[in-house]
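The structure under discussion appears below in the form of structure tokens.
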Amino acid sequence: MAARSKIFVGTFVHSKTLGELEYLHDTVVAVDGSGKIVAVESNSSADAVSQKLGWTTDEVDVTTTKTAQFFFPGFIDTHLHASQYPNVGIFGNSTLLDWLNTYTFPLEASLKDPAKARKVYSRVIRKTLAHGTTTAAYYATVDVASTNLLADLCLQAGQRALVGRVCMDQLSPAYYRDESPEAALAATRESIAYIESIDPGREIVRPVLTPRFAPSCSAPLMRGLGGLAKERPDLPIQTHISENKNEIALVRELFPPESTGAQDDSYSGVYDAFGLLTDRTILAHGVHLSESEAELIAKRGAKVSHCPCSNSAITSGAARVRWLLEKGVCCGLGTDMSGGYSPSVLEAARLAALVSRHVAMGGDDKAKLTVEEVLYLATRGGAEVVGLQQRVGAFAVGMDWDAQLVGLSTVDAQGEVEGIAEGEEDGNVDVFGWESWPDIVAKWVYNGDDRNTRKVWVKGRLVHERK
Ligand code: GUN
Ligand code: FE
């Protein structure tokens, strides 16, 4: 049975372009039983739109914004490790390569236990949905069964997801790696087939080719994955690139250009030589890319997932997002849990703004990203990074209703707050009533969190509600 149609009424905010948010007030958005937006009408009413669509009012659920509330597109987390969620905040003073060995590989390997995997994956899905993440590009683990379980749980919970079985057949501990390139490729195919079998229309979940990063993949594995990418031009690809200087040196050592046929000795050149630098490729980090690498990435149409929380926490560096954008590289945001300590894309947006200010303090004032820009990266930019820009990231007829209802607290004449969630004594973002809409949104970006994420929908289905 198709779900009921829904009508949303009130204020809608979404990105028009990188630098511009659109504020739609007194607007009605109608969503049909399949979760698609079928009307966006300003200066209208629920009744008028229902009538126009031939919907009778008793068949329709209506949600209306109150003061200091607005609908915003769901966030797209373009890079996170579902399997690392229990480690959020646990990284000490490590940097990438010792962080992987000390904290990460032991935890990921332990999720071979299906009960543990279920516990972790159920939580990470609930947690990210509660923070407004309607689409997530997940890395699971090397283990096929637990990767497939992650896809099952995303589908059940209704979170749109790219789910990747991690490929790694070298330079990782013997207890946690693919036994051979052939075994890695066979396991990858097995997981792809399973994920496609549970959601053949790719309505909610889809598989993604996932070479962990060049250092942990042998040349035959990289070649095999490049071949698979060619055989399946519909599959997205995700990996890490140029996150940390020791990692870059390692790639140079492992893949000298004479061994790959690459034009130069760059990290990007390695992925390119194996057919993995494509317009479906999501490259996480890109902190230390060279001019020529950024140009190659732009030419291939590969995308960058900017992970400011992780890049700061494990001291990888400050990615130059403005520079990438100006090179024509499409960018989105990633929490990169648990290199990043926060499950929140709103936090990633805030940190993207702050890190860009650190880049600016290095002498390039135009590096600063605005509130509008970081929210674009969190929604429309991210949608393009994961290849779903036709479906999600904004409010338009023909797109899916992947959205969040954001609610801030309002301060009354006595200085008391209203509009906070049940059971809370105080609001975390106070709106006094004299702020402009851009100021309200800026207050949300800089002080908001999951308390402000009141309801979340994916493809028209209510997937989270804060009581
Ligand atoms: N590089 C290779 N694996 C990882 C990972 O799990 N997290 C991060 N941040 N970088 C990586
Ligand atoms: Fe990562």
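Read-outs: derived from the displayed coordinates by stated rules, not from any lab. Fair warning: this is a prediction, and the values are worked out from it, not measured in the lab. Cβ: placed from backbone, ideal geometry, glycine included. Neighbour counts: every protein chain shown.
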At ARG189 and TRP437, where each label point lies 7 Å from the Cα along Cα→Cβ, what is the point-to-point distance in nanometres?
5.3
With the cut-off at 13 Å, report for region 320-359 the share of all Cα pairs above it, as a whole percent.
56
Fraction of alpha-carbon pairs in region 110-267 farther than 24 Å apart, rounded to whole percent, equals 36
At what distance in nm do the modelled label points of VAL411 and TYR23 sit from each other, each positioned 7 Å from its Cα along Cα→Cβ?
1.9
Relative to the longest principal Cα axis of the chain, at what angle does helix 144-157 sit, 0 to 90 degrees, rounded to 10?
10
The alpha-carbon center of region 355-399 and that of region 247-271 are separated, in whole Å, by 30
The distance between the Cα centres of region 279-304 and region 402-417, in whole Å, is 40
Global form of region 148-224, assessed from the alpha-carbon gyration tensor, a/c cut-off 1.5
prolate
At most 12 other Cβ atoms within 10 Å and a DSSP loop assignment: could you name the GluC sites (Glu not before Pro) in region 364-467 that fit?
GLU416, GLU422, GLU424, GLU425
Using only Cα atoms, what is the ratio of the radius of gyration of region 11-135 to 2.2 N^0.38 Å?
1.55
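So what is the 222 nm mean residue ellipticity for the chain from helices alone, if each DSSP H run of at least 4 adds -39500 (n - 2.57) and you divide by all residues, rounding to the nearest 500 deg cm²/dmol?
-10000 deg cm²/dmol
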Which ordering of SER356, SER292 is given by a fewest-first count of other beta-carbon atoms within 10 Å?
SER292, SER356
With no solvent and one equal point scatterer per Cα, compute the Debye intensity ratio I(q)/I(0) for region 35-103 at 0.16 Å⁻¹ and report its log10, rounded to two decimals.
-0.74
Taking 0.36 nm per residue of separation and subtracting the Cα-Cα distance, what length does fully extending ALA298 through GLN390 add?
31.1 nm
Could you list TRP437, TRP323 so that the one with the fewest beta carbons within 10 Å of its beta carbon is first and the one with the most is last?
TRP437, TRP323
Just to check, using Stokes-Einstein with a Kirkwood Rh over alpha carbon pairs, what's the diffusion coefficient of region 121-185 at 25 °C and 0.890 mPa s in µm²/s?
193
For the chain, find the longest principal axis of its Cα atoms and tell me its angle to the long axis of helix 114-130, 0 to 90°, nearest 10.
40
Stokes-Einstein translational diffusion, region 218-272 - Kirkwood Rh over all Cα pairs, 1.567 mPa s, 4 °C, in µm²/s:
107
Under a crude label model (7 Å from the Cα following the beta-carbon direction), how far is THR57 from LEU462 in nanometres?
2.0
Taking the 0 to 90 degree range and rounding to the nearest ten, how far is the long axis of helix 181-198 tilted relative to the main principal axis of the chain, both from C-alpha atoms?
20
Cα gyration tensor of the chain, axes a ≥ b ≥ c as square roots of the eigenvalues: rounded (a/c below 1.5), prolate (a/b > b/c) or oblate?
prolate
Nearest 0.05, what FRET efficiency do GLU179 and ARG252 give at R0 = 30 Å with Cβ-Cβ as r?
0.65
